[in-house]
Amino acid sequence: MSGRDDVLFTDRLVLEPITISMIEAAMTGRWERLEVLANAQGPSVRPGPELFHRGFGWSIDRIRRNPEWRLWGDRLMIARDGERRILGSVVFHGHPDEEGVAEIGYGVDEAARGLGLATEAARVCIAWALDQPAVLSVTATAHAINRASQRVLEKVGMQKVGSREEPFGELLLYSIARGQR
């Protein structure tokens with residue numbers, strides 16, 4: 001089972017693999033192109049390049065050099081019922097490392113926050129990742145002041161395993177291993 005071709009489903013979401021063409025369209029502000037590629041309306045707030053860099057952590061040129069590695073497991077969150085709309089994304093910050101660790105991140109469109117969609121999407125994506133032979137654990141981070149993100153990680157079964165100081169404050173570290181779910 002590869003991270004590229006698997007469409008995942010929850011009660012309210014379709015989680016479709018993100019392609020290099022989708023990234024290029026979004027990062028260059030060609031939202032109509034992204035909507036065609038995703039077969040869905042774009043998010044209510046269009047993220048800028050800085051958010052993409054934070055979410056994907058690599059430049060577009062680096063993603064282009066190895067999209068299968070960088071976009072491993074990354075998915076758009078699309079509303080399953082009603083109008084097909086992009087509600088957010090779940091990203092894994094690249095292929096799992098040599099120790100079998102995959103790092104997850106997520107974001108939800110402002111208009112869809114507070115509905116439990118991040119928890120729903122993260123739960124199924126973490127389960128998918130832990131079913132991959134190369135993955136032994138999934139990690140995530142949340143800023144100490146971001147209680148909503150911490151709750152998502154707790155609800156999906158992740159445990160706080162540490163913290164570190166960052167320029168913008170304390171960053172909490174979470175993890176879940178294959179046998180813990």
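The values are calculated or read from the model by the stated rules, or taken from the named source; none is laboratory data. Please read these numbers as outputs of a predicted model, since none were measured by experiment. Neighbour counts run over all protein chains shown; Cβ positions are idealised from the backbone, glycine included.
A few notes on this one:
- Qualifying residues in segment 1-34 (those that are within 26 Å of residue 95 (Cα to Cα) and acidic (Asp, Glu)) - the one modelled with the lowest pLDDT: 5
- So residue 173, is it surrounded by 14 or more Cβ atoms within 10 Å (Cβ to Cβ), modelled with pLDDT of 95 or more, in contact with a strand residue (DSSP E or B) (Cβ under 8 Å, 6 or more places away or on another chain) and not in a helix (DSSP H, G or I): yes
- Check on residue 148, over 23 Å from residue 100 (Cα atoms) and outside any loop (DSSP other than H, G, I, E, B): yes
- Boolean, residue 85 is modelled with pLDDT of 90 or more and either closer than 27 Å to residue 174 by Cα or touching an Asp or Glu at 6+ places or on another chain (Cβ under 6 Å) (or both): no
- Qualifying residue in segment 108-130 (condition: assigned to a loop (DSSP other than H, G, I, E, B), touching a Cys at 6+ places or on another chain (Cβ under 9 Å) and either among the hydroxyl-bearing types (Ser, Thr, Tyr) or over 17 Å from residue 151 (Cα atoms) (or both)): no
- All positions within segment 68-84 that are of a type in the set (Lys, Arg) and more than 23 Å from residue 115 (Cβ to Cβ): 70
- Residue-level check: of (1) modelled with pLDDT under 95; (2) under 22 Å from residue 124 (Cα atoms); (3) surrounded by 14 or more Cβ atoms within 10 Å (Cβ to Cβ), residue 66 misses just (2).
- Test: residue in segment 77-92 that is part of a strand (DSSP E or B) and more than 20 Å from residue 42 (Cβ to Cβ): no
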